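None of the figures in this text is laboratory data; all of them are computed from the coordinates on show. Note that the structure is predicted; figures quoted are calculated from it, not measured. Neighbour counts run over all protein chains shown; Cβ positions are idealised from the backbone, glycine included.
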Amino acid sequence: MEIRILTLNLHCFAEKEIIEKQRRIAEAIISNKIDLVFLQEVAQTRGELINPDNYGLKIVELLKSEGLDYYFYYEGFKRSFDIYEEGLGFISKYPLSSQKTRFISNINDYENWKTRKILECNLDFFDKKIRIATTHFGWSDELEVFEKQFDKATEAFDLNSLTILAGDFNITPKSKEYNYILDSGWLDLSRDNTEFYLEPTFKGDQTTKDSQVRLDYIMTNKQLKVISKKILFNENYVSDHFGLYMILDI
C-alpha cells in the first residue's frame, strides 16, 4: 500500500506573499496526491488552541475549497520572532489519534525561541498502525546538545512498531549528529545508491555562509521501500526550506 508524505518547515510568518505561498503548498498537495504532511514552524497569533489565522489551517481551508477534506493537528509551544506563536502540525487525509507532545529541549519556556517539542500521533493506514512524529530540533550550543534532544524525542517510541520521524533536524549529512542517528538504529529514507540524501533542503543563511544545505529528513525505525522521492519548492520558494516528498510502500 502506497502512502505519500511531505515534510516542510513553513518559516512561520516571516515570508513575504504568504497567501500566494499557501496556495502553492495546497496545489502541491493536490497535484502530488499527498496523504500526510509533517509541518514545522507553523505560526498563528497567540490566543486559542487553533486560531483562524493558523498557517496550517489556512492550507487545509484552501484544500477544502477544492473539494478535498483533510484533518489538521497543531501544537503551539513558544513565542517566535517576538510576534506570534510557533508550533508543529500535521495535515492528514486520514484521522489521527493518540496525540501526544513533550519537550525535547532543556529549555521549556514559552517566551524562549530555543524551546523545542515533538508532536506524535497514531495513523491507522488501512491495516497498518503507524506512529508518526514531527519535530524541529535545535543545534548543539552552550545550552543544548542535539544528541540529548534526539534521545528525548525517541525514548518514548515503541520501536517494535513502525515509526516515521520527520522534520527539520538542523544538521547536515555526514555530521557527527547525523551519524549518531544512524548509529542509534534509525534509517534515513533519502539514502540509496545515489547522492540524493545530500541534496539541499535549505536556502542558506549566515550560519551556513549562505550555502544551500540538507537539514530536513524522513527517518524510520524499520526499512521501507521508497517508490519515489523528490525535493519540492526548491525553485518556486514557499519558505527558507524546501519540501522533502516521498512515496512509500507501507
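The figures follow:
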{"quantity": "Listed residues 86, 235, 142, most fluctuating in the chain (Gaussian network, C-alpha, under 10 Å)", "calculated": "142"}
{"quantity": "Gyration tensor (alpha-carbon) shape descriptor, segment 4-101, a/c threshold 1.5", "calculated": "oblate"}
{"quantity": "Cα centroid separation - segment 217-235 against segment 169-203, whole Å", "calculated": "11"}
{"quantity": "Gaussian network model of the chain, springs between alpha carbon atoms under 10 Å - residue of 175, 80, 97 with greatest fluctuation", "calculated": "175"}
{"quantity": "Estimated FRET transfer efficiency when R0 is 25 angstrom, pair residue 205-residue 184 (beta carbons, to 0.05)", "calculated": "0.35"}
{"quantity": "Length released on extending from residue 24 to residue 122, taking residue separation times 0.36 nm less the Cα-Cα span", "calculated": "32.5 nm"}
{"quantity": "Cα gyration tensor category, rounded, prolate or oblate, for the chain with a/c compared to 1.5", "calculated": "rounded"}
{"quantity": "Euclidean distance of C-alpha centroids, segment 98-152 and segment 25-53, integer Å", "calculated": "18"}
{"quantity": "Dipole of segment 2-249, positive end: most advanced residue of 74, 223, 186 [Cβ charges, Cα centre]", "calculated": "223"}
{"quantity": "Selection of trypsin sites (Lys or Arg not before Pro), segment 144-178, meeting DSSP coil and at most 14 other Cβ within 10 Å", "calculated": "174"}
{"quantity": "All lysines inside 16 Å of residue 64 as judged from Cα atoms, apart from same-chain residues fewer than 8 positions distant", "calculated": "33, 93"}
{"quantity": "Of the DSSP H helices in the chain, those whose Cα atoms cover at least 24 Å axially and whose Kyte score averages 0.5 or more", "calculated": "none"}
{"quantity": "The chain - mean residue ellipticity at 222 nm from DSSP helices (-39,500 (n - 2.57) per run, n ≥ 4, rounded to 500)", "calculated": "-5000 deg cm²/dmol"}
{"quantity": "Selected from 18, 231, 83 as most flexible by GNM, with the chain as the system and alpha-carbon contacts under 10 Å", "calculated": "83"}
